[in-house]
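*Asks:* Attaching a single structure in structure tokens format; questions to follow.
The values are calculated or read from the model by the stated rules, or taken from the named source; none is laboratory data. Source: prediction; values computed, not measured. For neighbour counting, all protein chains shown are included, and Cβ atoms are generated from backbone atoms with ideal geometry for every residue, glycine included.
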Amino acid sequence: MLGGSSARNHEITLYVYLGLIGKDIFTQNFFGRCFVLADQMSDIRRMMQTETEDPNTIDTVRSRLADCSKDIIAMEEILNYIKESIDSMTMPTMPSDPSGRKLYEVLDISQTRHELNRRVTDLAKNTSSQRQELAILTSMAENLVYDRQHFMQKVLDQNTSEIKTVVTTNQSLQHSLGMLQVVLCGLFAFALLDRLTGMWTVTNRDWAQSIVEPLLSSAYIWLGFNLAAWFLVAYGATKVLNKKDIMVSSTTTVKIVLDEKLPDEKRFKVWIDQKEILLEESTWELDRNISKVLWKETGASSWGGYAPQIELVYDSEFWFLNTITVHYLRSKGNLKPAEIRARMLDELREHHIVEDTSEEADEEEEDD
């Protein structure tokens with residue numbers, strides 16, 4: 001049949017049959033690809049049901065849904081190509097010789113073509129159901145975004161209400177503290193002068209009477225002297241407060257948002273235990289735990305002359321590193337914000353807290 005003297009008589013029959021068998025093998029692999037796509041969408045559904053475990057769930061779901069959408073579009077196009085190919089095939093006629101008729105009956109090309117058409121129809125149904133599943137998942141992803149926005153709006157409203165209460169309270173306290181500060185400065189000045197000129201001090205000594213008597217004998221001199229002392233003490237207190245305000249205003253705050261899965265929990269715990277923790281907080285939200293730690297660095301030389309305070313926020317339930325905030329006093333240190341960020345990331349990579357990915361590798365490639 002393939003190489004004999006009558007091979008040409010059976011060539012068309014074999015050619016059409018082999019074409020159908022090739023398409024049949026392709027449809028079998030196509031079925032496998034459908035199952036792979038169904039598994040991918042099942043994983044996406046499970047990911048959305050446990051979205052609180054990973055702060056990057058929404059971005060990951062959107063990316064994977066986009067990939068599934070591309071796959072479904074390509075699969076639908078391929079099915080159309082297969083159907084067009086089957087429909088455009090010219091079926092061979094029954095050969096006149098006995099061997100040709102026997103071969104035609106054994107291969108049963110018409111039945112093979114019919115079964116292949118049924119498989120293609122089944123594939124079209126599967127692809128259509130997967131497109132519907134994709135639409136449902138897309139709707140769920142949108143609802144996930146709305147839920148996240150609603151939760152964030154609720155937290156924002158709550159924080160705004162708390163901030164409003166704090167600001168109102170601080171304003172009243174500020175006025176009260178200002179008045180109290182003036183009064184305390186006066187009391188301190190009067191007490192200081194009283195210690196210098198009171199009856200239990202050195203004013204009854206001969207050498208002090210020459211100073212005190214002119215002040216007490218002249219009208220309003222002693223009052224003016226008290227007011228002047230009050231002014232000097234208040235001026236000194238104001239200078240101290242202004243110095244503190246300048247220190248606060250000269251603080252550089254660098255916030256690094258990571259939202260990365262910690263590669264090794266034990267290394268992270270060892271690294272945190274090495275720090276002298278000043279503050280530690282833990283907040284439970286739904287089924288995750290947001291923890292915050294604050295410490296002050298000890299090596300000022302490695303930070304450009306000033307050891308900053310560092311605040312770290314992480315999820316201690318699923319071990320995600322969320323944010324790191326560095327409070328750096330630029331009046332004492334000489335690092336710029338970019339240098340502070342680089343210094344912090346270098347320490348994280350050195351202790352294997354985050355993976356050494358490659359911002360730096362990308363920059364080196366760009367430089368090359």
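*Asks:* Please verify whether region 152-167 includes one or more residues that are buried (at least 16 other Cβ atoms within 10 Å of the Cβ) and farther than 30 Å from Leu20 by Cα.
*Replies:* Quick first cut of region 152-167, residues buried (at least 16 other Cβ atoms within 10 Å of the Cβ) only: none.
No, the conditions are met nowhere in region 152-167.
Per-residue answers, yes or no, for (1) part of a helix (DSSP H, G or I); (2) over 20 Å from Gly333 (Cα atoms); (3) not hydrophobic (A, V, I, L, M, F, W, C):
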site	(1), (2), (3)
Lys244	yes, no, yes
Thr252	no, no, yes
Lys269	yes, yes, yes
Lys275	no, yes, yes
Ser291	no, yes, yes
Gly299	no, no, yes
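*Asks:* So how many residues does region 79-136 have that are small (Gly, Ala, Ser) and either within 27 Å of Arg64 (Cα to Cα) or surrounded by 17 or more Cβ atoms within 10 Å (Cβ to Cβ) (or both)?
*Replies:* Taking region 79-136 as the starting set, the residues that turn out to be small (Gly, Ala, Ser) are 85, 88, 96, 99-100, 110, 124, 128-129, 135.
Adding the requirement that they be either within 27 Å of Arg64 (Cα to Cα) or surrounded by 17 or more Cβ atoms within 10 Å (Cβ to Cβ) (or both) leaves 100, 124, 128-129, 135.
Matching residues across region 79-136 total 5.
*Asks:* Something else now. Does region 206-225 contain at least one residue that is assigned by TED's automatic domain parsing to the domain that holds Cys185, over 21 Å from Arg330 (Cα atoms) and modelled with pLDDT of 80 or more?
*Replies:* yes
*Asks:* Here is a further query. Select from region 287-321 the residues that are among the β-branched types (Val, Ile, Thr) and buried (at least 16 other Cβ atoms within 10 Å of the Cβ) and write down the one among them that is farthest from Ile277 (Cα to Cα). Show your work before the answer.
*Replies:* If we filter region 287-321 for residues that are among the β-branched types (Val, Ile, Thr), which is where we start, we get 290, 293, 298, 310, 313.
Okay, now just the ones that are also buried (at least 16 other Cβ atoms within 10 Å of the Cβ), so 290, 293, 310, 313.
On the way: Ile290: 17, Val293: 7, Ile310: 10, Val313: 13 Å.
Of everything passing the filter in region 287-321, Ile290 is farthest from Ile277 (Cα to Cα).
*Asks:* Within region 285-311, count every residue that is in contact (Cβ under 8 Å) with a residue 40 or more places away in the chain and touching a strand residue (DSSP E or B) at 6+ places or on another chain (Cβ under 6 Å).
*Replies:* 1
*Asks:* Have a look at Thr197, Thr165 and point out the one that is outside the structural domain of Phe31 (by TED's automatic domain parsing), of a type in the set (Ser, Thr, Tyr), farther than 30 Å from Trp222 by Cα and modelled with pLDDT under 80.
*Replies:* One residue alone meets the criteria, Thr165.
*Asks:* Of all residues in region 74-119, which are under 19 Å from Ile12 (Cα atoms) and either acidic (Asp, Glu) or outside the structural domain of Val16 (by TED's automatic domain parsing) (or both)?
*Replies:* Asp87, Asp97, Glu105, Asp108
*Asks:* Considering only region 54-76, state which residues are among the basic types (Lys, Arg) and either closer than 30 Å to Glu285 by Cβ or surrounded by 18 or more Cβ atoms within 10 Å (Cβ to Cβ) (or both). Can you show your working first?
*Replies:* Of the residues in region 54-76, the ones among the basic types (Lys, Arg) are 62, 64, 70.
Of everything in region 54-76, those that are among the basic types (Lys, Arg) and either closer than 30 Å to Glu285 by Cβ or surrounded by 18 or more Cβ atoms within 10 Å (Cβ to Cβ) (or both) turn out to be Arg62, Arg64.
*Asks:* From the set of residues in region 322-339 that are crowded, with 20+ Cβ neighbours inside 10 Å and within 20 Å of Ile277 (Cα to Cα), which is nearest to the chain's Cα centre (by Cα)?
*Replies:* The initial filter retains those residues of region 322-339 that are crowded, with 20+ Cβ neighbours inside 10 Å, namely 324, 326, 328, 335.
Now restrict to residues that are within 20 Å of Ile277 (Cα to Cα): 324, 326, 328.
Values: Ile324: 11, Val326: 17, Tyr328: 23 Å.
My answer is Ile324.
*Asks:* Still on this structure, I have one more. List every residue pair whose Cβ atoms sit under 9 Å apart, with the two residues 6 or more apart in sequence or on different chains, where the first one lies in region 118-140 and is farther than 18 Å from Arg33 by Cα and the second, anywhere, is surrounded by 12 or more Cβ atoms within 10 Å (Cβ to Cβ) and hydroxyl-bearing (Ser, Thr, Tyr).
*Replies:* Matching pairs, first to second residue: Thr138/Ser69.
*Asks:* Among (1) closer than 21 Å to His351 by Cα; (2) surrounded by 13 or more Cβ atoms within 10 Å (Cβ to Cβ), which single condition is Asp273 missing?
*Replies:* Just one mismatch for Asp273, condition (2).
*Asks:* Kindly evaluate Ser316 against the criterion of being of a type in the set (Gly, Ala, Ser) and touching a residue at least 60 places away in the same chain (Cβ under 8 Å).
*Replies:* Details: of a type in the set (Gly, Ala, Ser): yes; touching a residue at least 60 places away in the same chain (Cβ under 8 Å): no.
The answer is no for Ser316.
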